[in-house]
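Down below is the structure, laid out as structure tokens.
The values are calculated or read from the model by the stated rules, or taken from the named source; none is laboratory data. Keep in mind it's a predicted model, so treat the numbers as computed, not measured. Using ideal geometry, Cβ is built from the backbone for each residue, glycine included, and neighbour counts are taken over all protein chains shown.
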Amino acid sequence: MFVRLNVRAVTPLVTSVAVLGWLTFGGLAAYANRFGPPWQSRVTADSTALYTQPDKSSAPVGPLARGQLVVVVNESTATDGTAWTQTPDGWLPSDQVSEEIQPWVGEVSVPSVSIYARPSSSEPIRRTAKQGDLLRVTGASPGIEGDTNVWWSTTEGYVGLHTLRESTSDWATGWSMPSGDEAPGGWWGGLRSQANVRAGPSTKAPIVGTLVPGDRVKVLESVTGDAVSGNSTWYRIDGGRYAGAVVHSSLIAKMAEPKQVIALRPADAPDGLGTIVVSRSASTLTYLDPTGAPTFTTYVSLGRAGVDTPEGEYSTMGKYRFDNMTSASVSGADHEYYLPNVPFVQYYLDGGYAIHSTYWHDQFGQVESQGCINLTWADGAYLFGLTQPTVAQGDVARWAIGDLKATPVVIVQ
């Protein structure tokens, strides 16, 4: 997937006033979300309330507790200069809420809910989830194709705002995201047959989704759980839709190791940095350390016909720990989309081409993207930590501006 940045014509070492208006160097964006609302936030005050109007003298709608999730649909400044945030259910003071970019586990709170392929009620329904089902939520999305609703974006698709609540069950807590440190030790597997993906290594654990033959996942570790036909080994996986969940070992077959591809560093590459090499023919990414030795190789998903991943020599000109991606700001996308909080984004070419983790498919080693280089969650996190410019844990974005170095990216056939 790729998105054209709101900031135009950015090169690795050249910036403009527009860039500086959007970003601080390694700090938070001046605006809560550079694409505007909607976005998800958490209450930061010990207790607050929603009001019918951006005025504490207006009728209260109800209380909010610290940590509670809300969706921001508008912001306004009152006549007394106080900043207010609007949610679908009312208003609260803006200093009592902060944008949330991390994914979370939601629980279906209505008898059943349709999960749409994209954020529009005219889109195909992927499946119907029932009350109590768990879904990994990535953020809030506006409607597309004329749809005026606001949606929760999940790794399975899009659902209405009032159909989910944040889950606090043990199963939900246990379904945690893998860390980047786990990526080098994993191995790749393909699905032998359709497989239920569960929140834990038990036939009693909630099913969080389904994988089918053709899907590829990265196995991070073997865990012991309920025996199935005498086999008690389960695999904790990395991937797109179900990173951190588990699948019974009988359903995954080990794949051939991804092919290492080595290329020469660009002649003008900064000294002392590693190099990312992407092979279009092998659908792999290899990281070379500063000496040119390959230290990490993995499968990636590249652009489909018509939205190909371009060959050439580039660099990681800008990095976002999370960034929104939308077809509304690109030319050439083959369908409309809106993807909030895409993780571990490293832009390497103007026009929105990026290396990033994906949460909406598991077609690694195949062509699936809109031109970008798609990684699993943990692979993306691991690579993000290897490249320049560095981005501190609490920061949002960093650009290779001035004296900041950028990691070379070489894409070959």
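Just name the residue that is nearest to the chain's Cα centre (by Cα) out of those in segment 282-306 that are at pLDDT below 95 and surrounded by 20 or more Cβ atoms within 10 Å (Cβ to Cβ). Only one residue fits best here, namely Ser301.
If you take the residues in segment 104-118 that are part of a strand (DSSP E or B) and of a type in the set (Gly, Ala, Ser), which one is surrounded by the fewest Cβ atoms within 10 Å (Cβ to Cβ)? Across segment 104-118, the extreme among qualifying residues is Ser112.
None of Val219, Val223, Val246 is under 30 Å from Gly174 (Cβ atoms), surrounded by fewer than 23 Cβ atoms within 10 Å (Cβ to Cβ) and in contact with a Lys or Arg (Cβ under 7 Å, 6 or more places away or on another chain) except Val223.
Asn6 fulfils the conditions (1) part of a loop (DSSP other than H, G, I, E, B); (2) at pLDDT 85 or above except for a single criterion, (2). Mind checking whether some residue in segment 245-262 is farther than 30 Å from Gln194 by Cα and either assigned to a loop (DSSP other than H, G, I, E, B) or polar (S, T, N, Q) (or both)? Among the residues of segment 245-262, at least one is farther than 30 Å from Gln194 by Cα and either assigned to a loop (DSSP other than H, G, I, E, B) or polar (S, T, N, Q) (or both), which makes the answer yes. Annotation: of all residues in segment 351-370 being among the hydrophobic types (A, V, I, L, M, F, W, C) and over 15 Å from Thr326 (Cβ atoms), the one that is surrounded by the fewest Cβ atoms within 10 Å (Cβ to Cβ) is Val367.
Tell me yes or no: at least one residue of segment 24-31 is modelled with pLDDT of 95 or more and outside the structural domain of Leu339 (by TED's automatic domain parsing). The answer is no, given that none of the residues of segment 24-31 is modelled with pLDDT of 95 or more and outside the structural domain of Leu339 (by TED's automatic domain parsing). Of all the residues in segment 348-369, those that are touching an Asp or Glu at 6+ places or on another chain (Cβ under 9 Å) and closer than 17 Å to Glu311 by Cβ number 2.
When Gly272 is tested against (1) small (Gly, Ala, Ser); (2) part of a loop (DSSP other than H, G, I, E, B); (3) surrounded by 13 or more Cβ atoms within 10 Å (Cβ to Cβ), only condition (3) is not met. Scan segment 338-378 residue by residue and report those that are among the small types (Gly, Ala, Ser), modelled with pLDDT under 95 and closer than 26 Å to Gly394 by Cα. Matches in segment 338-378: Gly352, Ala354. Val61: under 24 Å from Trp175 (Cβ atoms) and either touching a helix residue (DSSP H, G or I) at 6+ places or on another chain (Cβ under 8 Å) or not assigned by TED's automatic domain parsing to the domain that holds Gln131 (or both), yes or no? No; evaluated as a whole, the condition is false for this residue. The residue of segment 192-212 that is surrounded by the fewest Cβ atoms within 10 Å (Cβ to Cβ), among those that are hydrophobic (A, V, I, L, M, F, W, C) and under 19 Å from Arg127 (Cα atoms), is Val212. Evaluated against (1) of a type in the set (A, V, I, L, M); (2) more than 19 Å from Pro389 (Cα to Cα); (3) modelled with pLDDT under 95; (4) buried (at least 20 other Cβ atoms within 10 Å of the Cβ), Met317 falls short on exactly one condition, (2).
Looking at Val150, Val105, Val97, Val110, just one residue is hydrophobic (A, V, I, L, M, F, W, C) and more than 26 Å from Thr52 (Cβ to Cβ), and that residue is Val105.
Would you confirm, using the coordinates I've provided, whether Ser121 is part of a strand (DSSP E or B), farther than 15 Å from Ala199 by Cα and touching a residue at least 12 places away in the same chain (Cβ under 8 Å)? Judged against the criteria, Ser121 is not a match.
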